[in-house]
Amino acid sequence: MTRREAPFAVLLASALTLIAFTTAGGDTNLAANTWTAIVLTLLGFGLVIAAVLRGASAPAWGAGALVLFAAVALLEALSIAWSVVPDKSWVEAGRIAGYLGAFAAALALARLTPQRWRALVVGILLACVAVSAWAVIVKIAPGTLGRQEQFGRLLAPFGYWNATGLMAALGLTPCLWLGTRRDGALAVRAASVPACALLIAVVVLSYSRSAVLAALVGVFIWLVAVPRRLRAALVLALGAGGAAVISAVALRSVAFKHDNVALATRVSEGRTFGLVVFVVLALLAPLGYLALARADARPLAPDARRRIGIALICLVALVPVAGIAAAAASSRGLAGQVSRAWSDLTSTKGTGDNPGRLVGLANSRPTYWHEGLTVGEHALLAGVGADGFGTAQTRYTDDARPAAHAHSYLVQTFADLGLIGLALSIALLSSWAVAAARPLRRGDAPAATFADERAGMWALAGVVLAFGASSTIDWTWEFAGVAVPALIAAGWLAGRGPLAQQVGLRTSANRSELPRRLVATALAAVAVLIAWAIWQPLRSSNAESAAIAALSAGNASAALADANAAVATDPVGAAPLWVRAGVYTALGEHPRALADARAAVSLQPENPQTWAFLGQMYLAAHEFGAAQAALLRARALALADPAIIAALAAARAGG
């Protein structure tokens, strides 16, 4: 990476790290999620406009994937019209619009400045390392940084272990690219060894099986596709050795093995853990330097490399064979072990929050997937609306605390957007795969000319495929902190085109300036419109908060004005109507409060919470018959909601 590329890498890493620290998954932290989506949308459209106006004429690589991505985002927005929770669908559509912006931005950059690919790979690596380092630092200094963090596994900064582990997994293939390069400063390449150790340790200490799967997928793709296996094996071996030491010390610690450990114990064990991490990483830096220097000074002969490579492949191939042999030699026999493994895999009991879950197969996902498929079967064509699964599933489960997410992109897409959403998603994946294959395959140019760039492209592919593997069995795609790096990598691969064709900027104007400007103007107008639409749920939420604050301060007139603004800004939301109903109740205008509760039901008749709110309003007015009717409908839509069950019991007792 040149000095001119370094600022871009640092800027990208800083932006990705900021997104990881400020945004959140699901519908929490609306403000940060909204502004991130707006910035990404405007950035994406802005760079596409720049590519339209200034990009050199060339085939529109990745245009099909971009159009299909836009179609998925449009379907999310259209689903507001039939969603069981249209206000949540609105927010989710804004999230996907931001993701589209990230993908489009990288696609356009690959066309405008294809020579900056190194900065992209390094930027993603730096962000992954920074986030992983923070997760470890919080464990090292819990008294200062993690007093309220009661889980043994690594959580920070996402608050969700699978996202933390996945962020570390995404950094492994860029780390291998850095460590296996033959050019560049040796000290920089040697830094890949302690970085690899840190990333692997975070994957393990997050206790995330989906992160382990993602890491294995990314590394496997790299080893299969990139002819730098021996150097990669060297970096991996040294990094894995350091990670093993760090993990072994951590897993002997009470603070890592158990939840809700006393702060004094966590502080004491954090110091020991921190010392081990520092010593291991400090030793790995010179060790990596010496190992890579020796590899540079004494390269193996082609025959030796081939023999060692074959030996490594055989060793990897023998792992499943050894596993099968061990299973056959066990007391249960091969058939018995397979039967037990299948039973564990389909069990819904889970394995607890401890290190043992890394080697356990039992989990709750079969339940989530079954419920997602059930929701989708009852809304087969277009689903229940973006982010509607969490609300729609409550009519099919007797779990008092059901999961809000289906823990699989495919299952949740089927539930939320039906067969149409699945078809568009599969078409998008297929189109992206075709576009991404262009910079990955060997072209007509000499192999040595683009060897390092092709390796970099495979590093980006490893990031995308690792993220995809996680998204098939988890809901980590809703965390912008891990989704945006993968989307940037995917966008660059889609837009880069064949490596031998350097696109870049146009050197002179041509006769087609007017059509380009018209297209750019249209895109700018669409970008502003989308950004404004993404902003509306946040405006409404802020107005709700202002109304509640004003009512608490005794200023009923200001509270009513703010509540009216919230309702006007979010015309499909139930919450603004509930807030205004509360203001009307405080003012003694019960008929108006009841009218707002009924209006919320009319807006969202398939949402059990709107019926529950209406039932509570009737209950407060001692209209027990009407309360029972509303709460019975709420109970039918949420079979096990304890609040609804209690309210219904109160209505029956009063009647």
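Please verify whether region 55-74 includes one or more residues that are within 14 Å of Ile530 (Cβ to Cβ) and without any contact (Cβ under 8 Å) to a residue 24 or more places away in the chain.
Looking through region 55-74, at least one residue is within 14 Å of Ile530 (Cβ to Cβ) and without any contact (Cβ under 8 Å) to a residue 24 or more places away in the chain.
Among the residues of region 153-180, count how many are farther than 22 Å from Ala248 by Cα, among the hydrophobic types (A, V, I, L, M, F, W, C) and in a loop (DSSP other than H, G, I, E, B).
Final tally of qualifying residues: 1.
Hey, can you tell me all the residues within region 610-636 that are of a type outside the set (A, V, I, L, M) and either in contact with a Ser or Thr (Cβ under 8 Å, 6 or more places away or on another chain) or farther than 23 Å from Thr394 by Cβ (or both)? Please lay out each step first, then the result.
Let us first name the residues in region 610-636 that are of a type outside the set (A, V, I, L, M), namely 610-611, 613, 615-616, 618, 622-625, 628, 633, 635.
Residues satisfying the conditions are His622, Glu623, Phe624, Gly625.
From the list Thr180, Thr164, which residue is within 25 Å of Phe220 (Cα to Cα) and in contact with a Lys or Arg (Cβ under 6 Å, 6 or more places away or on another chain)?
Working: Thr164 fails: in contact with a Lys or Arg (Cβ under 6 Å, 6 or more places away or on another chain).
So the residue among Thr180, Thr164 that is within 25 Å of Phe220 (Cα to Cα) and in contact with a Lys or Arg (Cβ under 6 Å, 6 or more places away or on another chain) is Thr180.
Taking the options Ser57, Ser89, name whichever one is among the hydroxyl-bearing types (Ser, Thr, Tyr), in the same structural domain as Trp492 (by TED's automatic domain parsing) and over 19 Å from the mean Cα position of the chain (by Cα).
Ser57
Give me the pairs: first residue in region 84-102 and more than 20 Å from Thr569 (Cβ to Cβ), second residue of a type in the set (Asp, Glu), beta-carbon distance under 8 Å, and six or more apart or on different chains, which are they?
Val84/Glu606; Ile96/Glu76
Tell me the helices (runs of 4 or more DSSP H) entirely within region 372-472 that contain at least 3 residues that are of a type in the set (S, T, N, Q). Steps first, please.
Values: elements: 389-392, 409-440, 451-471.
Counting at least 3 such residues, we get 409-440.
Can you tell me which of (1) touching a Lys or Arg at 6+ places or on another chain (Cβ under 9 Å); (2) touching a residue at least 24 places away in the same chain (Cβ under 8 Å) is the one Leu614 doesn't meet?
(2)
Enumerate the pairs (first residue in region 560-588 and free of Cβ contacts under 8 Å to residues at least 40 places away in the same chain and farther than 16 Å from Gln616 by Cα; second residue anywhere and surrounded by fewer than 19 Cβ atoms within 10 Å (Cβ to Cβ) and of a type outside the set (S, T, N, Q)) with beta-carbon separation below 7 Å, excluding pairs fewer than 6 apart on the same chain, so at least 6 apart or on different chains.
Cβ pairs passing all conditions: Asp562/Ala546; Thr569/Arg539; Leu587/Ala556.
Out of region 247-261, which residues are surrounded by 14 or more Cβ atoms within 10 Å (Cβ to Cβ) and among the small types (Gly, Ala, Ser)?
Scanning region 247-261 gives Ser247, Ala250, Ser253, Ala255.
Would you kindly identify the helices (runs of 4 or more DSSP H) lying entirely within region 489-599 that contain at least 3 residues that are closer than 30 Å to Val434 by Cβ?
Fully inside region 489-599 and qualifying: 513-552.
Only one of (1) at pLDDT 95 or above; (2) crowded, with 17+ Cβ neighbours inside 10 Å; (3) closer than 17 Å to Trp477 by Cα is not met by Phe45, so which one is it?
Every condition holds for Phe45 apart from (3).
Would you please list the contacts, defined by Cβ atoms under 7 Å and residues six or more apart or on different chains, that run from a residue in region 36-52 that is within 14 Å of Arg95 (Cβ to Cβ) to a residue that is not in a helix (DSSP H, G or I)?
Thr36/Thr23
The values are calculated or read from the model by the stated rules, or taken from the named source; none is laboratory data. On a predicted model such as this, the values are computed, not experimentally measured, just so you know. Positions of Cβ are backbone-derived with ideal geometry, glycine not excepted, and every protein chain shown enters the neighbour counts.
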